[in-house]
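Reading through the structure tokens given below for one structure.
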């Protein structure tokens, strides 16, 4: 009898235990089903703790998230970007440069955060409002060449070419004196990089690199220039821009030419030998050569130009100075040619200007 009672008790306990497990299973299944339905009901909402371009889009639907982020980035597109280059300033904006922000693409990534999680994990974060701590930025696209075009426009207003010091001839009579000038050049590659960084939102103010370019010939390096004025029959000697000497000269007689233009001293000779330049022409009655001496037509000093057969030289015919009397050369008195000679190096510029009076 006792054994029968114990058996009945064990059976009752087993029934109760099985019932309890069944109840727990039903409850767990119900909870799981409810959680699954909750996950499905919220599948179109972005996980909590997701930010796009600084905007919290957690818990929002796609359309709501797109609208929220577009409102947030609109200010970025219109925000002024101030650009300084040299002493000038330009103001532009991302919108003015045709920048477009890919908000839709960023929201795609925000929605995909949940896809990398199990549904239980998703429910756990949603119900407890646990942030997933995902930060996303909005990709951007700027109109092709827009930044480069802006930089080219800025360069057109900032670049100043370096200018060498020079003495030159304009036309046949005007001798010009140009002082050297330091140039300015915008580093366009660096400028493009700086503006692109500003479009990314990191630099609302930019100072573009403008490089100073030294002239190849400064005022101090200009050197010696000889200016011969045919209309005045006068020679002027300049050291840089300063006139340091002037002398009367004789230039070509009618029928001959002292050539107007810019020339160079290519040789110098003391006590030169004269070689007949026109034995079949005006020099037909002259010897082939005349050695150094008092009768030498070149006097005691001669400066040879790169203009054919043209020299600046002394002459024993002092009476011709101040007149049009040579066959093309520039004549000076013996004393003046000897004074000029050491002051003019080989390589010096010679400018012949003016027109012989009719």
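Some values worked out for this structure:
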item: Hey, residue 151 crowded, with 16+ Cβ neighbours inside 10 Å, assigned to a strand (DSSP E or B) and either at pLDDT below 95 or touching a helix residue (DSSP H, G or I) at 6+ places or on another chain (Cβ under 9 Å) (or both) or not; result: no
item: Residue within the range 41-52 that is in a helix (DSSP H, G or I) and either free of Cβ contacts under 8 Å to residues at least 24 places away in the same chain or crowded, with 17+ Cβ neighbours inside 10 Å (or both) present; result: yes
item: Which listed residue, of 351, 330, 310, is at pLDDT 95 or above, under 15 Å from residue 228 (Cβ atoms), within 46 Å of the chain's Cα centre (by Cα) and crowded, with 22+ Cβ neighbours inside 10 Å; result: 310
item: Qualifying residue in the range 254-265 (condition: over 17 Å from residue 174 (Cα atoms), under 40 Å from the mean Cα position of the chain (by Cα) and touching a residue at least 24 places away in the same chain (Cβ under 8 Å)); result: yes
item: Checklist (1) surrounded by fewer than 16 Cβ atoms within 10 Å (Cβ to Cβ); (2) under 29 Å from residue 313 (Cα atoms); (3) touching a strand residue (DSSP E or B) at 6+ places or on another chain (Cβ under 7 Å); (4) touching a residue at least 12 places away in the same chain (Cβ under 8 Å) applied to residue 176, failing item; result: (4)
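Residue-by-condition table, conditions (1) within 24 Å of residue 298 (Cα to Cα); (2) buried (at least 16 other Cβ atoms within 10 Å of the Cβ); (3) touching a residue at least 40 places away in the same chain (Cβ under 8 Å); (4) in contact with a helix residue (DSSP H, G or I) (Cβ under 6 Å, 6 or more places away or on another chain):
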{"position": "159", "(1), (2), (3), (4)": "no, yes, no, no"}
{"position": "172", "(1), (2), (3), (4)": "no, no, yes, no"}
{"position": "205", "(1), (2), (3), (4)": "no, no, yes, no"}
{"position": "211", "(1), (2), (3), (4)": "no, no, no, no"}
{"position": "215", "(1), (2), (3), (4)": "no, yes, yes, no"}
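The values are calculated or read from the model by the stated rules, or taken from the named source; none is laboratory data. Fair warning: this is a prediction, and the values are worked out from it, not measured in the lab. With ideal geometry, Cβ positions are generated from the backbone for all residues, glycine too; neighbour counts draw on all protein chains shown.
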